[in-house]
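What follows is a set of notes on a single structure, which appears directly below.
The values are calculated or read from the model by the stated rules, or taken from the named source; none is laboratory data. Everything numeric here is computed off the predicted structure, so don't read it as measured data. Here the Cβ positions follow ideal geometry from the backbone for every residue, glycine too, while neighbour counts run over all protein chains shown.
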């Protein structure tokens, strides 16, 4: 569940939303609608802790998938690793494990490796590459691209990789801002089916009304000074 408690956001004299108290429950799929500039994207950033509210608080689950736009941060990552980074805790221990295996084994390294294996098991890390690969295929990113660096694949596919990153790791909530951008019809259909089966809390922003009608169970309209 995601909860907003007396949440307000103002830019100078301009109010986006004022003392909003509401909750987004698990199992529902919420579509945020409203005119450009009314605060939809800002609200998602506040929930993620990427922007500060003027007052009030937002509470979210521990594992939240968020559609980022920061392609430059992942240009030197392999495509498959970019997706797995959706669970950054898992990504970090997987790479720490690889680095430790390159060193001469000691008791301390052996103990740390045992701890890492427990974390990997807890985070479903042994199926991570398979899950990431399935997401990429669903988004129309063929197997031949999975081991390439993100910067080496077409730009439209780079955005799709970030969408896969948001969906990865069975998040308790999903926050998706314009997820159908850069998708073809086949990929949109795949995403609709994926989200229809998703059991967590979904909040999605999109100008694609057909897509929203397909995936949303609740429509929440945001206007200025909500």
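Matching residues to (1) crowded, with 19+ Cβ neighbours inside 10 Å; (2) modelled with pLDDT of 95 or more; (3) farther than 30 Å from residue 27 by Cβ:
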| position | (1), (2), (3) |
| --- | --- |
| 70 | no, no, no |
| 73 | no, no, yes |
| 78 | no, yes, yes |
| 85 | yes, yes, no |
* Structure fact -> Being crowded, with 16+ Cβ neighbours inside 10 Å and more than 29 Å from residue 24 (Cβ to Cβ) narrows 145, 159 down to just 145
* **residue 5 being more than 27 Å from residue 123 (Cα to Cα) and surrounded by fewer than 20 Cβ atoms within 10 Å (Cβ to Cβ)** => yes
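Yes/no matrix, rows are residues, columns are (1) assigned to a helix (DSSP H, G or I); (2) in contact (Cβ under 8 Å) with a residue 60 or more places away in the chain:
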residue: 137; (1), (2): yes, no
residue: 140; (1), (2): no, no
residue: 158; (1), (2): yes, yes
residue: 183; (1), (2): no, no
* Asked: Can residue 214 be described as within 28 Å of residue 38 (Cα to Cα), in contact (Cβ under 8 Å) with a residue 12 or more places away in the chain and in a strand (DSSP E or B)?
  -> no
* To do: Would you be able to tell me the number of residues in the stretch 83-111 that are in a helix (DSSP H, G or I) and either on the phi > 0 side of the Ramachandran plot or free of Cβ contacts under 8 Å to residues at least 60 places away in the same chain (or both)?
  => 18
* Asked: If you go through the stretch 29-38 one residue at a time, how many are surrounded by fewer than 17 Cβ atoms within 10 Å (Cβ to Cβ) and either at pLDDT 95 or above or touching a helix residue (DSSP H, G or I) at 6+ places or on another chain (Cβ under 7 Å) (or both)?
  -> 1
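Can you tell me which residue within the stretch 61-82, out of those that are part of a strand (DSSP E or B) and in contact with a helix residue (DSSP H, G or I) (Cβ under 6 Å, 6 or more places away or on another chain), is farthest from residue 173 (Cα to Cα)?
Filtering the stretch 61-82 for residues that are part of a strand (DSSP E or B) and in contact with a helix residue (DSSP H, G or I) (Cβ under 6 Å, 6 or more places away or on another chain), the one farthest from residue 173 (Cα to Cα) comes out as 66.
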* Which residue out of 128, 114, 58, 132 is touching a strand residue (DSSP E or B) at 6+ places or on another chain (Cβ under 7 Å), modelled with pLDDT of 95 or more and not in a loop (DSSP other than H, G, I, E, B)? -> 58
* Asked: Quick check: is even one residue across the stretch 108-128 surrounded by 15 or more Cβ atoms within 10 Å (Cβ to Cβ) and either assigned by TED's automatic domain parsing to the domain that holds residue 20 or within 14 Å of the chain's Cα centre (by Cα) (or both)?
  -> no
* To do: Would you check if residue 102 is more than 17 Å from the chain's Cα centre (by Cα) and not assigned by TED's automatic domain parsing to the domain that holds residue 209?
  => yes
* Structure fact -> Inside the stretch 39-53, the number of residues satisfying the requirement of being part of a loop (DSSP other than H, G, I, E, B), out of contact with any helix residue (DSSP H, G or I) (no Cβ under 7 Å at 6 or more places or on another chain) and buried (at least 17 other Cβ atoms within 10 Å of the Cβ) is 1
* With 77, 24 as the choices, which residue is closer than 22 Å to residue 159 by Cβ and either free of Cβ contacts under 8 Å to residues at least 12 places away in the same chain or touching a strand residue (DSSP E or B) at 6+ places or on another chain (Cβ under 9 Å) (or both)? -> 77
